[in-house]
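Have a look at the structure below, then the notes.
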Amino acid sequence: MKHAALVFLHALSPLHAGTGQGIGAIDLPIAREKATGIPYLPGSSLKGVLRDRAASWDRDTRFAVFGPDPESASDHAGAVQVGDAKLLLLPVRSVYGVFALVTSPYLLVRFRREAEMVGLGTPETLEVQNPGQALLAPGSRVLGDGGKVYLEDLDLEAREEAGARAWEDWLAQRLEAPVKGRLVVVHDDLMGYLLETATEVVARIRLDDETKTVARGALWYEESLPTESVLYSLLRTEDSRRKGQNLPAEAILAMVKGLLEGPVQLGGKATVGRGLCAFKVVGGQA
């Protein structure tokens, strides 16, 4: 027997899911999908945090759910499968409403695909005619003068649409992120541009104790997903394979849900406040 659910991840502080040293202008970039360039959080990061939070469980239960330690990895597989956390909503600075939560038709299509896997019905897909247009719910707080939406240094022609309202309401019912009045759907091409330019990049330095100036070679740039970003991950559980631990998939899913209560730290740079996230588990079917 198998069970599955969607896990929503809401960034409460900038989220740095890094790839190690970069070769471009940013020394420590975030992880991005090879084909699409869309930022993501590796499923291994989330699964590792879940296993860490299960440290208070007895050893056999923990091994039944997450698998044994590496030296005994050939004994049996774990009963939890955690997918990569894919980006759904990117916060972008807005002249009106402070910021918008931006997505695109492609991001919604692939989210819809995974939502259907766990039995969640979603609104219909949307289409944006050209890169200069943006769809938003009627009465949106990011709608500006002259029927425009102003994101960063871009001004887009706003089109109020019932389909955008349907998505905004659907997400607002399931997320604690401030989606209501802020959802903006832009063209896929423009979304690609925002994913390159609207992430958070900060300069980090280390001072020389004596001179109080930047130490030699101690200036670097880090990239993060901004606070209020929303990602999602597909979570699947199976009946445990460990002898003597007959845990059904449904019970394991409930146990994993319990591990996601309260704020969770993900990614790197935890000591400087990066990666504090809130979770919401929705759906769940055999």
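Every number in this text was worked out from the coordinates using simple rules, so none of it is lab data. All values derive from a computational prediction rather than experimental measurement.
Before moving on, here are some points about what is shown:
- Quick note on the range 89-198: its Rg to Rh ratio, both from C-alpha atoms and Rh being the Kirkwood radius, is 0.94.
- Value at 222 nm in deg cm²/dmol, rounded to 500, when DSSP H runs of n ≥ 4 in the chain each add -39,500 (n - 2.57): -7000 deg cm²/dmol
- Restricted to Cα atoms, the range 157-233 shows a radius of gyration and a Dmax of 19.4, 62 angstrom.
- Subset of K2/K269; K47/K243; K243/K269; K47/K269 violating a 30 Å alpha-carbon distance limit: K2/K269; K243/K269
- Eligible aspartates and glutamates near K34 by straight Cα distance, threshold 14 Å, same-chain separation 8 or greater: D84, E196
- Mean separation of Cα contacts under 8 Å (6+ apart) over length of the chain, as relative contact order %: 36 percent
- Hydrodynamic radius of the chain by the Kirkwood approach over all distinct alpha-carbon pairs: 20.5 Å.
- For the Cα trace of the range 233-286, dividing Rg by the Kirkwood Rh returns an Rg/Rh value of 1.10.
- 3J(HN,Hα) couplings calculated from phi for the range 143-160 with the Karplus curve 6.51 cos²θ - 1.76 cosθ + 1.60 (θ = phi - 60°) are, in sequence order, 6, x, 4, x, x, 10, 10, 10, 10, 6, 9, 9, 10, 10, 6, 7, 10, 6 Hz; Gly and Pro show x.
- The value of relative contact order for the range 86-243, using C-alpha pairs under 8 Å at least six residues apart, is 28 percent.
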